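Reading through the structure tokens given below for one structure.
Every number in this text was worked out from the coordinates using simple rules, so none of it is lab data. Note that this is a predicted model, so its numbers are computed, not measured. Cβ atoms come from the backbone with ideal geometry, glycine included; neighbour counts cover every protein chain shown.
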Amino acid sequence: MEDPSSVLILPLIALAEACWAVERGRTTIPSVAQFLADVDADPRILLVPLDRAILDRSLTLTTISEMHDRQIVATALIRAKTGASVVLLTRDGNIAASGLVPVLW
């Protein structure tokens, strides 16, 4: 994450979940507006919307119990198919235990 040449893929569903956590005071980030401004200011971040390919892939990931987590993993898997080096930054035990994508954290 510190490498200025890294591309950080951010599924829009993960951004929405992060905004929800900030809104409810579950982080030290002062406001959703500040958080989004910081995301927008980082040229390394590529927002990836939910599309039909991600949805279709997520429906096959039955080892992951939570719908949004399936969409996040599906996004990573689809990016990896393009030849991109993908490591998912998560503390989610279900995602890590699935072994579907390399996990950091």
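Listed values for the stretch 37-48 are Karplus-derived 3J(HN,Hα) couplings in whole Hz (6.51 cos²θ - 1.76 cosθ + 1.60, θ = phi - 60°), namely 4, 5, 4, 5, 7, 8, x, 7, 7, 10, 7, 10, and x replaces Gly and Pro. What is the angle, in °, between the Cα long axis of helix 12-23 and the longest principal axis of the Cα atoms in the chain? Nearest 10 is fine, range 0 to 90. The angle comes out near 40 degrees. Can you grab the distance from the C-alpha centre of the stretch 1-22 to the C-alpha centre of the stretch 64-105, Å, no decimals? Between the Cα centre of the stretch 1-22 and that of the stretch 64-105, the gap is 13 Å.
Packing around the peptides 20-27, 54-61, taken as the average count of other Cβ atoms within 10 Å per residue, puts them in this order, highest first: 54-61, 20-27.
Residues whose amide H falls under 5 Å from that of VAL103, counting only those 5 or more places apart or on a different chain, are LEU88, with hydrogens built in the peptide plane.
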